[in-house]
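Each remark here refers to the structure printed beneath this line.
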2 protein chains.
Amino acid sequence: MQPRPTDPQHQSTPEFGSDPSLPPHKGQPSASHGGPKGKQLEREQREAEWLRLALGILLEEGYLGLTMDRLAKATGYAKGTLYLHFKNKEDLICALLRDFQVKRMELFDRVADLDLPHRARLAAIGLAAELFPLAYPENARIEPVLKTQSLRDKASPERLRALEEIDLFCFSRVLQTVQAAVDAGELRMQAHETPEQLVMALWSMHVGLNVLRNTTAHLTDTCSTTDSPPHEVLFPIAQRLLDGYGWQPLSTEFDYAGLRQQLLREPLSAEAERAWQASGIRLL
Amino acid sequence: MQPRPTDPQHQSTPEFGSDPSLPPHKGQPSASHGGPKGKQLEREQREAEWLRLALGILLEEGYLGLTMDRLAKATGYAKGTLYLHFKNKEDLICALLRDFQVKRMELFDRVADLDLPHRARLAAIGLAAELFPLAYPENARIEPVLKTQSLRDKASPERLRALEEIDLFCFSRVLQTVQAAVDAGELRMQAHETPEQLVMALWSMHVGLNVLRNTTAHLTDTCSTTDSPPHEVLFPIAQRLLDGYGWQPLSTEFDYAGLRQQLLREPLSAEAERAWQASGIRLL
DNA sequence: TCAAAAAATGACGATCCGTCAATACCCGAA
DNA sequence: TTCGGGTATTGACGGATCGTCATTTTTTGA
């Protein structure tokens, strides 16, 4: 073990669980028996590994701590190889962001088709949206960081389009639910009101709360000092809002709080458990 | 006009209205008659000038385009002098952010003490909050950018505290209004509800909408394609929400839309005018 | 077995941040 | 007017990072 200028064994930090014994590029292309599939698989695995490490660094030391040199070395590959996968740093950030959004979308999917009144379905999606940053606080913490910062200026168009696609998909999901309620006569909107605006307002609440939680903790803490548990913020308020619209069934006619408990037990139990472990928040 | 290595006349861009003939430091300390006041004044003027230029560059070329070298040269001063005013780049960003927040606070101040029912006062503040990004779209556009990005890691504690102070001040303003309504019996909250949560939700809506407008324009555009004017988003929805709380007087008993028009004519006419000029949005 | 194609490398140029020793300027006293 | 100490300003420099690309290593396939 002769002293080296940049001995990977002597990294300043253990580098977030990367396997230090990982051979740079001497390992077999893949465990599977040859063919282009193996190549492709290895490529994806490596990319996933980079994203995993990038997330770790980002959480540990923030945006400034994440450098391409460091990320490359962390897996034993050279920087040039890293740049074969990601056009630039923003592109990598974009890929990271996409992973979160896919996760959230999957969560939406799990509750969007339940056999419930339209309003209850919307409430279920809202709960999922509220649960997400609690179950994956790391993701939520860096999401506002990633969403800005000249990301759109430099990331590759393909990655950006992928992001927009997911956004639009989620938006449509919610919009469909509202529209269905309007069509069913359960929700009446005035002339100047549109389902899009309602969806946008609900969406804004979630986005904004997440931003505030992660940029102005001194304020959100004010909320938590009360008796009420700090996580139960958006769900009941959204119900008040929908009551204000007169969306049937009203919260006086339907037990949305009970639905919430039920959803947390059944299709969202895994996330509720994660929230308990990750954020120390007992939801059930 | 002998050729110089860094001739300010030959900047790549005209640099956003800075006076190219501005003498580096040969001008009189100040027009006022001597004394330490003049020195202080000159210092503040210079700082204001830097912030003005920084905003211009930020708007024109984004966060990446704003470099300390460039900003320094734009006023004819050296970088070292710039660093005498701002601890680092983040610190400068912080100062810029503060200017916006002060502006918004002043707007709040202008409507927070009107002789109106509590709920109408809250609506007035909400209108001010909604009007702000329309009247100062440049500010709103970069505010999400500035709020993140390791700003808190590197900016000086004093500047950060100044930011928090303003946030807290605005928050308190709103909270007081809600609390007053509760005390007056015009707003009843259930056991698990708190005024803080309601304020935070309203605040989140505004923050979130601004973020969405500036990061995912493809979605917010969806909202604008409807017949309804795109700017009338939050005000009516907030009224729905407060109706949901049963906050007296309900929107069926009080003409909040009329109040809105009136506010836009009287204490907020300047901002309404700005919104018309800056965003092409006719509010009246 | 070997040569062409593909993959991986890391040194390099360019950019930017923030510092600090050197310089220019100011102002009161002689 | 001259001088000297103190203050304001400067810009070259060190350090760090991004992204490139000519070179080297590995793989492929004939």
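The values are calculated or read from the model by the stated rules, or taken from the named source; none is laboratory data. Worth saying up front: this structure is predicted, and the values here are computed from it rather than measured. When we count neighbours, we look across all protein chains shown, and the Cβ atoms used for this are built from the backbone with ideal geometry, even at glycine. Accessible surface is based on the protein model in full, side chains and every heavy atom, while ligands, DNA and RNA are left aside. Shrake-Rupley method; radii C 1.70, N 1.55, O 1.52, S 1.80 Å.
For the reader, a short list of remarks on this structure follows.
- A Förster distance of 45 Å, applied to the separation of the beta-carbon atoms of B:S156 and A:A278, puts the FRET efficiency at 0.90.
- Surrounding net charge for B:L219, when Lys and Arg each add one and Asp and Glu each subtract one, Cβ distance under 10 Å: -3
- Our coupling estimate for segment B:153-163, obtained by passing each phi through the Karplus curve with A = 6.51, B = -1.76, C = 1.60 and θ = phi - 60°, is 6, 10, 5, 6, x, 5, 4, 4, 5, 4, 5 Hz, Gly and Pro reported as x.
- When the surface is traced with a 1.4 Å probe over the full set of protein chains, B:E60 keeps roughly 120 Å² accessible.
- Delta accessible area of at least 40 Å² on complex formation, residues of segment B:233-263, 1.4 Å probe, chain isolated as reference: B:I237, B:R240, B:L241, B:G244, B:Y245
- Pairwise centroid distance, computed over Cα atoms, of segment A:162-186 with segment B:66-102, Å: 44 Å
- Overall dimensions of segment A:97-217 by Cα: Rg and Dmax, Å: 15.4, 46
- The interface between chain B and chain A buries about 4800 Å² of solvent-accessible area in total (1.4 Å probe, ligands and nucleic acids excluded).
- A:L84/A:D113 FRET efficiency (R0 35 Å; Cβ-Cβ; nearest 0.05): 0.30
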